[in-house]
Amino acid sequence: MAQKGKHFLLLPDSAFGHIIPMLELARHLADISATVTFAVSALLVDDMCHRDILSREEEKQFNLYGIEDGVKHTLDEACTPKILMDKFELSAAGLNLLLNRIPISGSTIDGKIVSELSAPVDAVIVDILLVGAIIDTCRTRRLSVFAFSPFAGTFCYHFLMIREDAPTVPDEMFMEEIPLGRSVHSFRSVDLAINRALLHVDGLLINSFRSLEPQLQTMIDRDAPQFSNVRLHFVGPSLPVGNNPTTISDCKTTQWLNMQEPRSVVYFSFGSIAAACPEQIKTIAEGLLSLKKPFIWSLRLSQQCHLPAEILQPTDKYLIVPWVSQKAVLAHEAVRVFISHCGWNSTLEGLSNGVPIVAWPFFGDQFANAGLVVRSGCGVRVPRRVAVDQPKSEVQVPAEQLKNLIDQVAQWEKTLEKNEFFVAAQSLRKDAREALSGSEELSRALSKIPTLANL
């Protein structure tokens, strides 16, 4: 176990898709008697409380600290390479200022101490996207540092394969599937910094579980042997705890789900960032209606104006909601299929609840996650359709194709025991539950933290 009283400083990236899994990591650390400070951009502190991401009781378990870094964009909306790089530079400056001011265990030279962090810090756990920005400061101050990946291990592999001489991909292809080992042009320096930093961390903590990615270490040993000695620790799935509905919308959704037949419902969500064009929203509606099955569609209010009139008629056959507690929906026994953009949190929530997935990736790590879903036998992927005469524009997925993909995974005519996608997803659900049952690997990862006192 991590020694009682050890103080961990957790530094997530300023996007809720990164904050939520690291917050679960903070909960695990608190459970094994560690002291935890969770430091985020000041912009997000009030928002975390407003979204009920952190309960009042949990605020007593660990310190929530706001970094005055000037970040104004949470990334929970459409973003561009410029927005991402501007945010990164602000975050990097704020983190290094903080790390140069905190007290460190065993050190007698701590400079100007941040009053809220008066307890000496033993180790830093930082989002993998930010590890390259702070590694030099941590090494100078002789701070133990762990990189935390809110992504799948398969996507972390991308950072290990980055090469100095590899050609870059134009910024305009930011939303496309990036070839392994290459970077979007604006992100090249950041990716290379991450690559170099991972050679010097005390461990890489991955929000995944071994049975989902059993070949990761073999792939690293074969293709990136310089990283073979980096300690990999699967500490996931880091999922939000509890399934109790907390809002009127959640209560309505749960009541509706309770009225449906077991494993009869299709759940559709593109998450908080990915968005379909108006024309695609109309064809999605057509495809869902043609199923003649109950469905829940989580669709932002700003996009609901594009829905066709026929789907807006009052009915108890389906729900279209601007937001829903995804963990509660996926945990409900009425749900049979999940259509997802395959953000990693959504992918983990689906598989950890044993729900097969129709993967519809849009950008970034979503393509790798969709591939993982397919390889695990837990779903299929929507083919990415590109117009021949417009290589940078995506052609709509037809309603009939969407319906066929959902039917392929749902296999409505078969019993669940004969549905290979459902059986594979339920097997991973069991593995995920076993991984969640304790924090043994996390404890092992943090059990021998080098500090100035014992170096």
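Only a single criterion out of (1) within 18 Å of the chain's Cα centre (by Cα); (2) crowded, with 21+ Cβ neighbours inside 10 Å is not satisfied by Met175, namely (2). Only one of the numbered conditions (1) assigned by TED's automatic domain parsing to the domain that holds Met48; (2) at pLDDT below 95; (3) more than 28 Å from Glu24 (Cα to Cα) is not met by Arg222, and that is (2).
Condition check ((1) at pLDDT below 90; (2) surrounded by fewer than 24 Cβ atoms within 10 Å (Cβ to Cβ); (3) touching a Ser or Thr at 6+ places or on another chain (Cβ under 7 Å)) across all residues:
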site: Asn96; (1), (2), (3): no, yes, yes
site: Asn100; (1), (2), (3): no, yes, yes
site: Ser105; (1), (2), (3): yes, yes, yes
site: Ser115; (1), (2), (3): yes, yes, no
site: Thr137; (1), (2), (3): no, yes, no
site: Leu143; (1), (2), (3): no, no, no
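Given the criteria buried (at least 21 other Cβ atoms within 10 Å of the Cβ) and either outside the structural domain of Asp221 (by TED's automatic domain parsing) or of a type in the set (A, V, I, L, M, F, W, C) (or both), does Val169 qualify? The answer is no for Val169.
Can you name the residue in segment 268-297 that is assigned to a loop (DSSP other than H, G, I, E, B) and at pLDDT 95 or above and is also nearest to Thr253 (Cα to Cα) among such residues? Spell out the reasoning first.
First, pick out the residues of segment 268-297 that are assigned to a loop (DSSP other than H, G, I, E, B): 270-277, 292-294.
Imposing the further condition that a residue be at pLDDT 95 or above reduces the set to 292-294.
On the way: Lys292: 19, Lys293: 16, Pro294: 12 Å.
Checking each candidate, the answer is Pro294.
Taken over segment 1-43, the criterion of being of a type in the set (A, V, I, L, M), crowded, with 19+ Cβ neighbours inside 10 Å and in a loop (DSSP other than H, G, I, E, B) is satisfied by Ala2, Ala15, Ala34.
Taken over segment 208-218, the criterion of being of a type outside the set (Asp, Glu) and in contact with a Leu (Cβ under 9 Å, 6 or more places away or on another chain) is satisfied by Ser208, Phe209, Arg210, Ser211, Leu212, Leu216, Gln217. Looking across segment 284-311, just one residue is in contact (Cβ under 8 Å) with a residue 40 or more places away in the chain, under 22 Å from Cys342 (Cβ atoms) and surrounded by fewer than 19 Cβ atoms within 10 Å (Cβ to Cβ), and that is Leu291. For segment 216-241, filtering for residues that are surrounded by 13 or more Cβ atoms within 10 Å (Cβ to Cβ) and either of a type in the set (S, T, N, Q) or in contact with a Gly (Cβ under 8 Å, 6 or more places away or on another chain) (or both) leaves 7.
Within this structure, Pro383 passes the test of being more than 21 Å from the chain's Cα centre (by Cα), assigned to a loop (DSSP other than H, G, I, E, B) and either within 18 Å of Phe421 (Cα to Cα) or not assigned by TED's automatic domain parsing to the domain that holds Pro179 (or both). With respect to the numbered conditions (1) surrounded by fewer than 18 Cβ atoms within 10 Å (Cβ to Cβ); (2) under 17 Å from Ile406 (Cα atoms), which one is the sole condition not fulfilled by Ser269? Result: Ser269 passes all but (1). Only a single criterion out of (1) more than 28 Å from Glu89 (Cα to Cα); (2) of a type in the set (Asp, Glu); (3) touching a residue at least 24 places away in the same chain (Cβ under 8 Å) is not satisfied by Asp221, namely (3). Cβ-Cβ contacts under 8 Å between residues 6 or more apart (or on different chains), taken from a first residue in segment 42-54 that is farther than 20 Å from Leu239 by Cβ to a second residue that is of a type in the set (Asp, Glu) and modelled with pLDDT of 75 or more, are listed as Ala42/Glu68; Ala42/Asp69.
Each residue in segment 312-365 was checked for being in a strand (DSSP E or B) and surrounded by fewer than 24 Cβ atoms within 10 Å (Cβ to Cβ), and 4 of them qualify.
The values are calculated or read from the model by the stated rules, or taken from the named source; none is laboratory data. Source: prediction; values computed, not measured. As a convention, Cβ positions derive from the backbone with ideal geometry for all residues, glycine included, and neighbour counts pool all protein chains shown.
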